[in-house]
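Each reported figure results from applying straightforward, stated rules to the coordinates on display, with no laboratory input. For clarity, every value in this text was computed on a predicted model and none was experimentally measured. Positions of Cβ are backbone-derived with ideal geometry, glycine not excepted, and every protein chain shown enters the neighbour counts.
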Amino acid sequence: MRLVLISLAASLVAATPALANETRVEARGGAVWNDSNTEALAGVAAGYDYDLGQAAFVGAEVSADKVLASGYKVSFGFNGRIGAKVMDNGKLYAVGGYNTEIADNAEGAWSLGAGYQHSFGKFYGKVEYRHFFADNALLTDTDAAVVGLGVKF
């Protein structure tokens, strides 16, 4: 399953026309929580957004996030996003995808969420919320909220 998702993400990035719209990289941090626990989260992401005219866009993103507590692994994410351009510098979007396991007793999880990204010239800031759907009966669904700072190319 992971190999299929990695291949799909790579083909989406490779199929994107050169010199199209916006490549981005970012650092981010926030919190992740479920019914019994809240922990800090830090990570990085890289993505590409392709304009769908003047009002909309689609994009692909890969990420690496780490819950800042013992017993957690780096979780790699493969996500897509679709959204609307808001005024001159904003993007309001829905985001979803798959993240690899985060702990020894946890399998990977699908996520769905929303965010807002605001550009400041070559740089941007963003806020994002995601809900992770647990596939393992031993785990509960998890939520995450992050803020990010990045640069666009």
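Selection of segment 106-122 for residues being closer than 15 Å to Asp65 by Cα and assigned to a strand (DSSP E or B) yields Ala109, Trp110, Ser111. Of the residues contained in segment 140-149, one or more are found to be surrounded by 14 or more Cβ atoms within 10 Å (Cβ to Cβ), in contact (Cβ under 8 Å) with a residue 12 or more places away in the chain, over 16 Å from Ser75 (Cα atoms) and small (Gly, Ala, Ser).
Checking the stated criteria, Tyr124 turns out to be within 16 Å of Glu26 (Cα to Cα) and not small (Gly, Ala, Ser).
Inspection of segment 80-94 identifies at least one residue that is surrounded by fewer than 21 Cβ atoms within 10 Å (Cβ to Cβ), in contact (Cβ under 8 Å) with a residue 60 or more places away in the chain and in contact with a helix residue (DSSP H, G or I) (Cβ under 9 Å, 6 or more places away or on another chain). Scan segment 38-51 and tell me whether some residue there is in contact with a strand residue (DSSP E or B) (Cβ under 9 Å, 6 or more places away or on another chain), over 19 Å from Gly121 (Cα atoms) and surrounded by fewer than 12 Cβ atoms within 10 Å (Cβ to Cβ). Yes, segment 38-51 has at least one match.
Residue by residue, here is whether (1) more than 13 Å from the chain's Cα centre (by Cα); (2) in a strand (DSSP E or B) holds:
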{"residue": "Gly77", "(1), (2)": "no, yes"}
{"residue": "Val95", "(1), (2)": "no, yes"}
{"residue": "Glu101", "(1), (2)": "yes, no"}
{"residue": "Tyr129", "(1), (2)": "no, yes"}
{"residue": "Phe132", "(1), (2)": "no, yes"}
{"residue": "Ala145", "(1), (2)": "no, yes"}
{"residue": "Val151", "(1), (2)": "yes, yes"}
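Note on segment 113-126: among residues that are surrounded by fewer than 14 Cβ atoms within 10 Å (Cβ to Cβ) and touching a residue at least 12 places away in the same chain (Cβ under 8 Å), the one that is nearest to Phe76 (Cα to Cα) is Phe123. Which one is surrounded by the fewest Cβ atoms within 10 Å (Cβ to Cβ) among residues in segment 62-79 that are polar (S, T, N, Q) and out of contact with any Gly (no Cβ under 7 Å at 6 or more places or on another chain)? If we take residues in segment 62-79 being polar (S, T, N, Q) and out of contact with any Gly (no Cβ under 7 Å at 6 or more places or on another chain), then Ser70 is surrounded by the fewest Cβ atoms within 10 Å (Cβ to Cβ).
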